[in-house]
1. Quick one: dipole size for the chain, taken about the Cα centre, charges +1 on Lys/Arg Cβ and -1 on Asp/Glu Cβ, in debye to the nearest 20.
2. Residue farthest toward the positive end of the dipole of the chain, with Cβ of Lys/Arg at +1 and Asp/Glu at -1: which of Pro157, Val145, Leu92?
3. First compute the accessible area of the range 11-134 with a 1.4 Å probe, then give the percent of it belonging to carbon and sulfur atoms.
4. By the scheme Lys and Arg +1, Asp and Glu -1, what is the net charge of all other residues having a beta-carbon under 9 Å from that of Ala89?
5. Dipole magnitude of the range 239-303 about its Cα centre, charges +1 at Lys/Arg Cβ and -1 at Asp/Glu Cβ only, in debye to the nearest 20?
6. Using a Förster distance of 22 Å, how high is the FRET efficiency between Leu223 and Thr191, based on the Cβ-Cβ distance and rounded to 0.05?
7. For a quick size check, give me the Cα extents of the chain along its three principal axes, largest first, whole Å.
8. Taking a spot 7 Å from the Cα of Arg121 along the direction of its beta carbon, which residues of the range 49-87 have an amide N less than 17 Å from it?
Amino acid sequence: MVRFDETAARMFDLDPASPNVMPSRYRQVSVAAVPSLAADDLVARFGGREAYCRTRFVVARHQAEPERCALVELARNASDDLFSPAAAARVLAGAQECAYLRDDGADPGIASHLARVALRRPDRRCIVVEGRYRHVSFLLNPQPVPVTVVDVVPPEPSKLADQVARVLDLAEDLPPIAVSERIVDSRSLVTAPAPDALIVPCRGGGVEIEGVAVAHLDERPRLTAGSTLLGCQRSQQIHRWFYGADADRTIDWCPRRLIAADPSLDGLVLSRCCLREEGLEHPQDLQQAGTTVMVPWGATLAEVHEALRSLAGVREDH
Ligand SMILES: [Zn+2]
């Protein structure tokens with residue numbers, strides 16, 4: 001425990017125990033080589049010392065053993081000067097709690113990248129990352145937000161899972177998010193007895209099942225008796241429009257349905273639905289209501305990004 005006086009304590013606005021603390025662009029990090037990582041020495045060294053106006057955090061690396069480090073926060077008085085003395089300093093994570101890790105693939109400005117690096121040292125509550133551009137940042141108390149992506153294939157790979165990965169790779173405004181995937185192969189839903197004929201939404205979907213004749217709804221195939229429709233609710237509507245009736249048998253693979261039927265799904269869920277034309281939906285009819293967000297079947301990356309923001313509880317004023 002680091003001692004600092006009451007006046008100084010009020011100058012720090014950060015709760016050192018809160019999850020996923022990382023610097024924003026307004027709270028820059030500087031790196032300093034120091035002879036001692038003892039907490040008292042760090043507080044004495046940086047409290048009152050002149051620092052660049054935007055520096056709020058110092059990664060103190062041991063001169064002789066640069067892989068050892070500690071994280072120091074500076075309290076700053078309002079000042080327009082380029083450099084000014086820190087009003088106080090406190091240790092946010094001591095040498096025993098920090099790990100200094102190099103990862104040339106990690107962008108230190110992206111929380112999910114920092115969280116990925118943090119997996120290398122689960123025994124440390126503060127991960128300092130030297131990443132791309134040789135930039136240094138940190139993640140204190142890594143606690144990635146778990147999100148399950150539910151999607152249906154083929155075609156493969158899952159478009160939604162791929163979009164989520166691409167968004168997280170660039171999202172500077174999101175907390176760290178840990179994705180798990182629940183990808184359902186629609187062919188596995190075609191249970192015995194095998195249908196004589198199967199109608200799937202479109203040829204591009206790539207559904208092929210050995211021994212089963214497959215027709216594609218978007219080609220408005222001639223209807224054969226005893227056919228099974230493997231598709232979402234939109235496909236069922238189209239089937240009715242084309243043929244004036246439902247298929248003899250319908251296998252509905254809408255993720256909305258799969259989510260509702262899976263009580264083991266809990267936590268935050270992101271999925272997509274054929275009936276959604278644009279924007280996000282927070283379905284209230286699911287037992288996972290409040291923690292599930294649906295995007296349109298053909299969601300844009302912007303919609304996927306917005307859905308992740310919504311699930312992670314990122315407020316507009318963030
Ligand atoms: Zn749907």
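1. 440
2. Value computed over the given set: Leu92.
3. About 48 percent, which is the carbon plus sulfur part of the accessible surface.
4. Residues close to Ala89 contribute a combined charge of +2.
5. With only Lys, Arg, Asp and Glu charged at Cβ, the dipole is about 120 debye.
6. The value I calculate is 0.50.
7. Its Cα atoms span 85, 35, 32 Å along the three principal axes.
8. Only 58-73 pass the distance filter.
The values are calculated or read from the model by the stated rules, or taken from the named source; none is laboratory data. A quick note: this is a predicted structure, and the numbers were derived from the prediction, not measured. Heads up, the Cβs are rebuilt from the backbone with ideal geometry, glycines too, and the neighbour counts pull from every protein chain shown. The protein model used for the area step is the full one, side chains on, heavy atoms only, and it has no ligands, DNA or RNA in it. Shrake-Rupley method; radii C 1.70, N 1.55, O 1.52, S 1.80 Å.
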